[in-house]
Every structure is written in structure tokens, then in C-alpha cells.
1. Please work out the average accessible area per residue across the chain, using the 1.4 Å probe convention, and give it in Å².
2. Label-point separation (nm) for R237 and D328, each offset 7 Å from Cα along Cα-to-Cβ?
3. How big is the charge dipole of region 165-297 about its Cα centre, in debye rounded to the nearest 20, if each Lys and Arg gets +1 on its Cβ and each Asp and Glu gets -1 on its Cβ?
4. What order, most packed first, do the peptides 64-73, 50-59 have when packing is the mean number of other Cβ atoms within 10 Å of each residue?
5. Under 17 Å from the Cα of K339, which aspartates and glutamates turn up, not counting those fewer than eight places away in the same chain?
6. In whole Hz, what ³J(HN,Hα) sequence does region 133-150 give by Karplus (6.51, -1.76, 1.60; θ = phi - 60°), x for Gly and Pro?
7. Taking N as the number of residues in region 1-106, what is its Cα Rg relative to 2.2 N^0.38 Å?
8. Say the dipole of region 209-292 comes from +1 at the beta carbon of Lys and Arg and -1 at that of Asp and Glu; which of L262, T244, F283 then lies farthest toward its positive end?
Amino acid sequence: MGGLETERVVVGWAARDPSGILSPYTYTLRNTGPEDVLLKVLSCGICHTDIHQVKNELGMSRYPMVPGHEVVGEVVEVGSEVTNFRVGDVVGVGVIVGCCRNCNPCKSDVEQYCNKKIWSYNDVYTDGKTTQGGFAQSMIVDQKFVVKIPDGMSAEQAAPLLCAGLTVYSPLSHFGLNKSGQRGGILGLGGVGHMGVKIAKAMGHHVTVISSSDKKRAEAMEHLGADEYLVSSDATRMQEFADTLDYIIDTVPAVHALEPYLSLLKLDGRLILMGVINAPLQFLTPLVMLGRKSITGSFIGSMKETEEMLEFCKEKGITSMIEVVKMDYVNEALERLEKNDVRYRFVVDVAGSKLEP
Ligand code: NAP
């Protein structure tokens with residue numbers, strides 16, 4: 001795409017090495033191609049995946065890296081062939097910004113499973129440029145990977161829906177668990193987990209939170225509307241709940257035993273793994289055989305599901321529970337997120353922050 005002379009210079013906050021500390025970084029965006037949308041970033045959520053990435057926990061990080069994949073922005077320019085968006089629209093961008101469009105997953109509208117997908121950051125775009133995420137003044141994104149934020153949803157409330165919300169909505173929908181009367185478990189009450197409780201409740205499920213401590217009990221029951229709360233180390237209570245759940249959404253981002261949770265599942269129950277863990281997990285085969293249980297995984301959701309999920313959240317009045325911070329607090333926020341000290345998602349007010357050094 002176009003010459004350097006028209007490239008836009010922007011400031012974002014980037015990690016330079018696996019310390020994961022972000023600081024101002026100036027770089028250029030590509031020109032707006034015919035199918036591209038230029039957006040001014042308004043808000044961007046902080047996902048635990050951002051920690052995995054900036055700290056190179058998955059061994060594939062490239063620096064400088066501007067993270068951020070729960071992006072809400074305002075459209076400031078559109079390419080000549082952009083049909084769905086207009087200047088002034090408030091839009092969202094999530095975890096991926098490109099795919100091959102020819103493979104089976106792409107043709108089946110599950111482009112998140114395309115082997116050539118392009119991540120919003122820490123990847124290389126089709127023009128050879130490094131992709132950079134939403135902790136920045138602006139982004140340029142192909143219209144296929146942009147969604148309209150429903151009217152009446154604030155930018156900061158909408159941001160966590162674009163990854164955390166989608167990540168729970170997609171498997172519930174795909175596995176046919178989106179009907180009322182299901183008994184669901186949400187393991188790990190963080191950013192993804194709290195959206196899990198809200199979305200599952202809105203689908204009419206009986207929801208049990210399974211947490212590593214008792215600290216979030218009152219909030220889970222009173223604010224999020226969970227029906228039951230289990231502390232995973234409480235063996236007696238865990239035993240009482242054996243064979244009771246149709247599914248568990250497991251969001252724990254670290255190595256953990258699967259047996260205690262497999263035991264909670266009913267016949268044909270599903271353990272749906274969400275956490276990105278770069279070490280093997282173990283389980284004993286009888287725990288899946290005796291009960292025909294499944295251990296499966298799921299990755300974000302498609303653009304189609306993103307639209308559906310946003311509509312669902314609008315219709316049900318679901319929003320995220322967030323702590324809004326400015327960019328100069330982002331390093332503390334990352335540290336607090338790592339220490340399990342946030343209720344339940346940090347969202348950076350990007351447009352209201354000073355990004356320049
Ligand atoms: P988060 O906000 O940090 O929540 C994780 C929760 O897991 C914590 O709040 C905590 O809940 C529990 N936990 C138990 N052991 C933990 C440990 N050793 N360290 C930290 N937390 C622990 O993270 P998140 O943003 O929800 O993301 C969760 C995981 O899902 C991450 O690995 C992330 O990369 C991944 N993810 C995957 C997808 C996908 O598409 N599959 C999408 C988004 C995120 P309690 O206090 O209740 O125990």
C-alpha cells in the first residue's frame with residue numbers, strides 16, 4: 001500500500017522486552033486501503049492474554065509490541081470500498097484482523113480458526129508491517145474485522161465484550177449450551193469468568209462459580225447473580241457438587257489439576273478450556289470415560305458471533321464490570337491483574353489519556 005509520505009505517525013504504549021513494561025512508542029500506520037477503516041481508539045480492555053504476550057510467556061513475542069485487543073474506537077476515515085461503516089461510527093476490533101478467506105474455517109465463517117489468521121498485535125500484516133494493538137491513538141483495520149458497537153453501549157463497557165464476552169458466548173452457542181435450564185460452572189472469576197457468569201445467567205442457566213478463594217463470594221452472588229459459589233480447595237463442598245454440571249468454562253491461566261473439575265460434570269458434560277497454558281495438563285482417563293465427558297477448547301469467536309453476542313448483550317442489558325484507568329496506570333494495572341487484584345477487567349480510557357512521552 002501507498003508511499004511512506006502519507007503514512008500516519010501514531011503513539012502507542014509498547015513493551016520492549018519480556019519485562020512487559022509498557023512505555024510510549026512512536027510508529028507508522030499503513031495507508032487506508034479500499035477495504036480499510038481508520039479508527040481513533042477510545043477505550044481498550046486489558047486481557048490476561050496481554051500479560052502472556054508482553055512477557056513472552058508463549059515464546060513468540062516480537063518487540064516493540066503495542067498490546068490491546070479489546071478495542072473500541074470512532075471511525076475517522078474509510079476506504080473507497082467500505083460499505084458497512086461511516087465516519088463517526090463507534091466500532092469494535094478484537095483479537096484478529098486478518099485471515100486467508102479461502103480455507104474451510106474461513107468459508108464456514110469461523111475465521112478465528114484459519115491457520116493464516118493475523119493477530120491484532122504481535123503479528124505481521126499482509127504488507128509486511130508488524131501489527132500493533134489498541135493501546136494506541138489509532139488503528140487501521142480491514143472492515144471484515146470491525147463491528148459496530150450497538151447504540152447506547154458505552155465504549156469502556158463494550159470493550160471487554162470484544163474478547164472476554166465473545167470467548168464465552170461462542171462455545172456456549174457452538175456446543176448448543178445456549179438454552180435455558182443448563183447447569184454451568186465458571187472456573188476462575190476474572191475478566192473472562194465474570195462475563196461467563198453474566199452471559200450464562202442471561203441464557204437462563206444455573207451458574208456455579210468455582211474460585212480459588214472465598215474472596216469473591218459476595219460479589220459473585222450479589223453483583224453478578226451467580227447461584228452457587230465453590231472454593232476449589234474445599235473438598236467437602238466440591239464432593240457435594242459431583243455430577244451436577246453440564247459444562248464448565250475453565251479460565252484459569254496457569255497449570256492446574258483437571259480431575260476435581262471433571263468430577264463435577266454430569267454424564268456427557270464438557271470441560272471447556274479457555275486459559276492459555278504453555279505446559280501440559282494431566283487427567284486420569286477414567287474420569288472422562290466413566291461419564292462420557294469431553295475436554296475441549298475454544299478460541300474467541302467469529303465476526304458473525306461477535307455481532308450476535310453484541311446484540312445479545314444489548315437485548316439482555318449485559319455490560320462488563322470494569323475499573324477504568326488512564327494509560328499512565330497501565331503498568332500497575334498489568335501488575336494488579338497478574339496478582340488477581342481487579343474486579344473484573346481493567347479498561348484503559350485511551351482517548352482520555354496522554355500517550356505522548
Ligand atoms: P484473569 O482476569 O486474570 O482471570 C483468571 C482467573 O483465574 C483469576 O481471576 C482467578 O480467579 C483464577 N486463577 C486461578 N489460578 C490462577 C493463577 N495461578 N493465576 C491467575 N489467576 C488464577 O484472566 P482472563 O483475562 O479472564 O483470562 C483467563 C485466561 O483465558 C488467560 O490465560 C487468557 O490468556 C485466556 N483467554 C483465552 C481466550 C480464548 O479465546 N480461549 C480469550 C481470552 C482469554 P479466582 O480468583 O476466582 O480463582
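The values are calculated or read from the model by the stated rules, or taken from the named source; none is laboratory data. From a predicted model like this one, the values you see are computed outputs, not experimental measurements. Here Cβ is always computed from backbone atoms with ideal geometry, including for glycine, and neighbour counts include all displayed protein chains. The protein model used for the area step is the full one, side chains on, heavy atoms only, and it has no ligands, DNA or RNA in it. Shrake-Rupley method; radii C 1.70, N 1.55, O 1.52, S 1.80 Å.
1. 42
2. Using points 7 Å along Cα→Cβ, the separation is 4.2 nm.
3. I would put it at about 280 debye.
4. Order by mean packing, descending: 64-73, 50-59.
5. Straight-distance partners of K339: D50, E57, D214, E323.
6. x, x, 7, 7, 5, 8, 9, 10, 9, 4, 4, 4, 10, 10, 10, 7, 7, x
7. That ratio works out to 1.19.
8. Of the candidates, F283 comes out farthest on the positive side.
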